[in-house]
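The block underneath contains the structure these notes are about, expressed in structure tokens.
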Amino acid sequence: MTHDVLILGGSYAGLSAGLQLARARRKVLVIDTGLRRNRFARTSHGFLTQDGSTPADIAAEARAQLMEYRTVEWLQAEATHAERMQDGFKVALRQGPEVTGKRLVLATGVTDVLPELEGLADRWGKSVFHCPYCHGYELDEGSIGVLATSPLSMHQALMLPDWGPTTFFLNGAFEPDHDQLQQLARRNVTVEHGIVHRLDGERADVVMRDGRVLPMDGLFTTTRTVVSSPFAEQLGCAFDDGPLGRYIRTDSMKATTVAGVFACGDAARPTGSVALSVGDGAMAGAATHRSLMFD
């Protein structure tokens with residue numbers, strides 16, 4: 001059976017796109033592996049009506065509501081290849097037969113490539129974060145560290161004092177110039193020039209190479225992001241370069257540069273959050289439906 005729409009990725013953006021299409025009574029197949037980007041976080045914040053909920057609970061409730069619509073199917077599987085056909089698209093699966101659809105929505109998200117530092121990966125999403133809006137408030141104005149990975153980390157270091165006293169660990173990633181040091185001083189940021197050896201303790205104690213231990217209630221750092229699937233490249237979609245990595249180029253209606261292919265969520269924007277992904281997905285779902293009617 002050829003579906004109206006194949007949605008690759010069943011996290012927040014894909015679920016939101018599916019809801020719009022389901023309410024338009026379109027036949028939708030969602031293909032998902034169950035690996036959400038924020039699965040490491042204990043709670044999610046900043047999304048109206050769900051502030052403080054666990055990421056898994058938000059996704060589970062959204063999926064349950066989506067599956068109430070009779071035209072929606074869910075396939076827990078790994079897609080491996082996407083290809084354009086004359087009248088739509090076909091997607092190959094790791095196990096099982098190919099599936100086909102008239103339109104394709106890419107909502108596969110991104111993967112965070114973490115800084116290589118002992119103890120950091122174990123604390124990711126628990127006491128080490130990338131987004132102060134998502135996790136800064138819960139640190140309750142405690143001691144906050146910023147681990148530099150590039151000059152982009154200056155932005156984080158200048159932001160974080162609104163959430164607590166901040167120490168900027170340069171860690172050899174870059175050296176602020178005179179003007180930047182003045183900016184940091186105006187924000188009362190402590191600059192630590194030494195090299196970080198590892199993270200330790202129940203939260204995020206920073207152990208320096210010289211043996212000093214600087215206790216932190218939380219640590220923020222920037223990651224490099226990569227789109228979590230090869231489908232956009234396989235289909236010939238264009239990409240843009242963002243501050244953290246490449247993302248799929250879309251227009252204001254979330255259409256990619258390939259006709260019939262839409263993209264939403266973290267894979268199709270320079271930065272993201274649950275709330276932004278849900279909004280992206282709603283736009284992509286509605287735009288995909290419009291294309292089925294009018295293109």
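Annotation for segment 173-186: no member residue is touching a strand residue (DSSP E or B) at 6+ places or on another chain (Cβ under 9 Å), in contact (Cβ under 8 Å) with a residue 40 or more places away in the chain and not in a strand (DSSP E or B). Scanning segment 277-295 for residues that are charged (D, E, K, R) and surrounded by fewer than 22 Cβ atoms within 10 Å (Cβ to Cβ), which turns out farthest from the chain's Cα centre (by Cα)? Top of the filtered list is 295. Pairs linking a residue in segment 89-116 that is assigned to a loop (DSSP other than H, G, I, E, B) and open to solvent by 50 Å² or more (accessible area, probe 1.4 Å) to a residue that is hydrophobic (A, V, I, L, M, F, W, C) and modelled with pLDDT of 95 or more, with Cβ atoms under 9 Å and 6 or more positions apart or on different chains, are 94/77; 94/79; 95/77; 96/75; 96/77; 98/91; 98/92.
Restricting attention to segment 1-57 and to residues that are outside any loop (DSSP other than H, G, I, E, B) and among the acidic types (Asp, Glu), the residue that is nearest to residue 76 (Cα to Cα) turns out to be 32.
Just so you know, in segment 65-88 the residues that are more than 23 Å from the chain's Cα centre (by Cα) and in a strand (DSSP E or B) include one that is nearest to residue 24 (Cα to Cα), and it is 72. Scanning segment 252-276 for residues that are within 13 Å of residue 104 (Cβ to Cβ), free of Cβ contacts under 8 Å to residues at least 40 places away in the same chain and crowded, with 20+ Cβ neighbours inside 10 Å yields a total of 2.
Looking only at residues of segment 174-190 that are among the hydrophobic types (A, V, I, L, M, F, W, C) and crowded, with 17+ Cβ neighbours inside 10 Å, we find that the one that is nearest to residue 151 (Cα to Cα) is 184. Filter segment 32-52 down to residues that are small (Gly, Ala, Ser) and open to solvent by less than 30 Å² (accessible area, probe 1.4 Å) and give me whichever is farthest from residue 14 (Cα to Cα). In this case the residue turns out to be 41. Here residue 149 meets the list (1) open to solvent by 20 Å² or more (accessible area, probe 1.4 Å); (2) under 23 Å from residue 244 (Cα atoms); (3) in a strand (DSSP E or B) almost entirely, failing just condition (3). Of all the residues in segment 203-235, those that are among the small types (Gly, Ala, Ser) and open to solvent by 20 Å² or more (accessible area, probe 1.4 Å) number 3.
Looking at residue 194, is it farther than 27 Å from residue 110 by Cα, in contact (Cβ under 8 Å) with a residue 60 or more places away in the chain and assigned to a loop (DSSP other than H, G, I, E, B)? Considered against the rule, which asks whether it is farther than 27 Å from residue 110 by Cα, in contact (Cβ under 8 Å) with a residue 60 or more places away in the chain and assigned to a loop (DSSP other than H, G, I, E, B), residue 194 comes out as no.
The values are calculated or read from the model by the stated rules, or taken from the named source; none is laboratory data. Bear in mind the structure is a predicted one, so any value in this text is a computation, not a measurement. Glycine also receives a Cβ, built like all others from the backbone with ideal geometry; neighbour counts cover every protein chain displayed. Side chains included, ligands, DNA and RNA excluded: accessible areas come from the protein's heavy atoms. Shrake-Rupley method; radii C 1.70, N 1.55, O 1.52, S 1.80 Å.
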